[in-house]
Amino acid sequence: MFLLSSLVTASGTCLPAFEPLRDLLATNLADGSDLGASVAVLHDGELVADLWGGEASPGVPWQEDTLVQVWSVTKPMAALTVLVLADRGEVDLDAPVSSYWTDFRRDDVLVRHLLAHTSGYAGWTEPLDVAGLLDLERSERMLAEQDPWWEPGTASGYHMIAYGHLLDGLVRAATGTPLADHFRTLVAEPLGADFHLGVPDDVLARCADLVAPTDSGIDYSTLPEGNLLVPTVVNPLLDIDNPDNGCNSAAFRAVSVAGINGHGNARSIARAQSVVSHGGEVGGVRLLSERTVERIFEVQAEGPDKVLMAPLRWGIGYGLPSPTTPAIPDGRACWWTGWGGSIVVNDLDRRVTVAYAMNKMVGAHFISSARTDRYLSTAFDCLEAM
């Protein structure tokens, strides 16, 4: 059991204008809203807030270099990698996936459909267990051989778990190298981001344990018949605490499930994603041309998502601002969030990236929740006060 203290403080550094963000983190750690967490703001090339605190696992403090699984905040890392490859001419966002991945049976699914959750491949049609999920070549082949769940390109349906498998299958076929390796060499290392798609053995000891929510956040009795959420969630059904292959196990952490199990902290998320908020170049490192950055904001789908059943607006690789996400600033902003609360927001108008990563999950957080929204609103209020 995690033990809380009224004397919990938030470690790290921030500019004076961001002390309210430190106070919010300290308050959440003290009252149990968070157990262990980190929050960071990178503005105009400078890390203006880099804060952390609490417990990584029972009796183990959350340190400066603690990492945690951030669920679907992994997706922007996978998407960014594909965008870098596109910028280098190794993949074409408008080309059929099958032109690279010859085992992919449909010729009408484009690369940008995968990135924008509009491909129709939201999950696996045939039964899949966790061991099969972690066998990337097997589970990717299963996707390539099945039919889409709806007409590709006509609507979004959140590729909750399959997203990383689809992009890895594409990238592996197009380049001969797994997505995770490209992410490390093209994104993480050049930007100095301690973020991992597949945790190396020598990093495992720095991983915080996820704390599962007390409820799933889904009232299954209210879901319409024939919905796509259930088959997406339960095939396979992930168990955080299973000692053999649950999300806190070394076996699960070691494999690059690039839609959900990236490990990092707020600082490393912000470092990696700030190349987007800074127009393709940050800290003297250019990964994307301005033209490729602009393609992120080409709307691929807008309206009710077939899986999450909420109105969403998708660009290429990222969610875009919409009325259902009021904490995301208007303008040229792109973002995504992870089950339980982690989030990253890239705001190109303000040249800022805000990130939050934690281990205590909120079951009701699929797109937004009060705790995460408070971190975002506080961070942007502090930015305005600079």
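The values are calculated or read from the model by the stated rules, or taken from the named source; none is laboratory data. This one's a predicted model, so the numbers in the text were calculated from it and none came from an experiment. Neighbour counts are summed over all protein chains in view; Cβ atoms, including those assigned to glycine, are modelled from backbone coordinates with ideal geometry.
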Handout entry: Criterion (farther than 17 Å from Thr154 by Cα and touching a His at 6+ places or on another chain (Cβ under 9 Å)) met by exactly one of Ser99, Ser139
Key = Ser139
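Going through region 280-291 one residue at a time, which ones are farther than 12 Å from Thr81 by Cα, touching a residue at least 12 places away in the same chain (Cβ under 8 Å) and either acidic (Asp, Glu) or touching a helix residue (DSSP H, G or I) at 6+ places or on another chain (Cβ under 6 Å) (or both)?
Across region 280-291, the qualifying residues are Gly280, Val282, Val285, Ser289.
With in a loop (DSSP other than H, G, I, E, B), more than 17 Å from Val255 (Cα to Cα) and at pLDDT 95 or above as the only criterion, which of Ala193, Ala173 stands out?
Sole residue among the options that is in a loop (DSSP other than H, G, I, E, B), more than 17 Å from Val255 (Cα to Cα) and at pLDDT 95 or above: Ala193.
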Practice task
Inspect region 304-311 for any residue being free of Cβ contacts under 8 Å to residues at least 12 places away in the same chain, assigned to a loop (DSSP other than H, G, I, E, B) and charged (D, E, K, R) and give the result as yes or no.
Solution key: no
Practice task
Find the residue count for region 199-222, including only residues that are under 19 Å from Ala258 (Cβ atoms) and either touching a residue at least 60 places away in the same chain (Cβ under 8 Å) or touching a Gly at 6+ places or on another chain (Cβ under 7 Å) (or both).
Solution key: 4
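What are the residues in region 340-360 that are touching a residue at least 40 places away in the same chain (Cβ under 8 Å), part of a loop (DSSP other than H, G, I, E, B) and crowded, with 24+ Cβ neighbours inside 10 Å, if any?
Going through region 340-360, the residues touching a residue at least 40 places away in the same chain (Cβ under 8 Å) turn out to be 340, 342-344, 346-348, 350-360.
Then drop every residue that is not part of a loop (DSSP other than H, G, I, E, B), which leaves 340, 342, 348, 350-351, 359.
Answer for region 340-360, where residues must be touching a residue at least 40 places away in the same chain (Cβ under 8 Å), part of a loop (DSSP other than H, G, I, E, B) and crowded, with 24+ Cβ neighbours inside 10 Å: Gly340, Ser342, Asn359.
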Fill in the blank from the handout: Restricted to region 143-162 and to residues being within 21 Å of Thr102 (Cβ to Cβ) and out of contact with any helix residue (DSSP H, G or I) (no Cβ under 8 Å at 6 or more places or on another chain), the residue surrounded by the most Cβ atoms within 10 Å (Cβ to Cβ) is Pro148
Fill in the blank from the handout: For region 148-170, the count of residues that are part of a helix (DSSP H, G or I) and either over 16 Å from the mean Cα position of the chain (by Cα) or more than 19 Å from Gln300 (Cβ to Cβ) (or both) equals 4
Handout entry: Count of residues meeting criterion [among the hydroxyl-bearing types (Ser, Thr, Tyr) and assigned to a helix (DSSP H, G or I)] in region 244-279
Key = 3
Exercise for the section: Name every residue in region 53-62 that is assigned to a strand (DSSP E or B) and crowded, with 23+ Cβ neighbours inside 10 Å, in order of residue number. Expected result: Gly53, Gly54, Glu55
Problem - Members of region 361-381 found to be over 25 Å from Pro61 (Cβ atoms) and in a helix (DSSP H, G or I), listed by number - result: Ala370, Asp373, Leu376, Ser377, Phe380, Asp381
Problem - Pick from region 163-177, criterion touching a helix residue (DSSP H, G or I) at 6+ places or on another chain (Cβ under 7 Å) and hydrophobic (A, V, I, L, M, F, W, C), ranking: nearest to Gly317 (Cα to Cα) - result: Leu167
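Quick check on this structure: which one of Asp65, Asp23, Asp34, Asp50 is part of a helix (DSSP H, G or I), at pLDDT 95 or above and of a type in the set (Asp, Glu)? Spell out how you get there, then give the answer.
Working: Asp65 fails: part of a helix (DSSP H, G or I); Asp34 fails: part of a helix (DSSP H, G or I); Asp50 fails: part of a helix (DSSP H, G or I).
Answer to the check: Asp23.
Which of the residues that make up region 204-248 are polar (S, T, N, Q), more than 22 Å from Arg371 (Cβ to Cβ) and buried (at least 17 other Cβ atoms within 10 Å of the Cβ)?
Step one: filter region 204-248 for residues polar (S, T, N, Q), giving 214, 216, 221-222, 227, 232, 235, 242, 245, 248.
The next check asks that each one be more than 22 Å from Arg371 (Cβ to Cβ); those that pass are 221-222, 227, 232, 235, 242, 245.
Of everything in region 204-248, those that are polar (S, T, N, Q), more than 22 Å from Arg371 (Cβ to Cβ) and buried (at least 17 other Cβ atoms within 10 Å of the Cβ) turn out to be Thr232, Asn235, Asn245.
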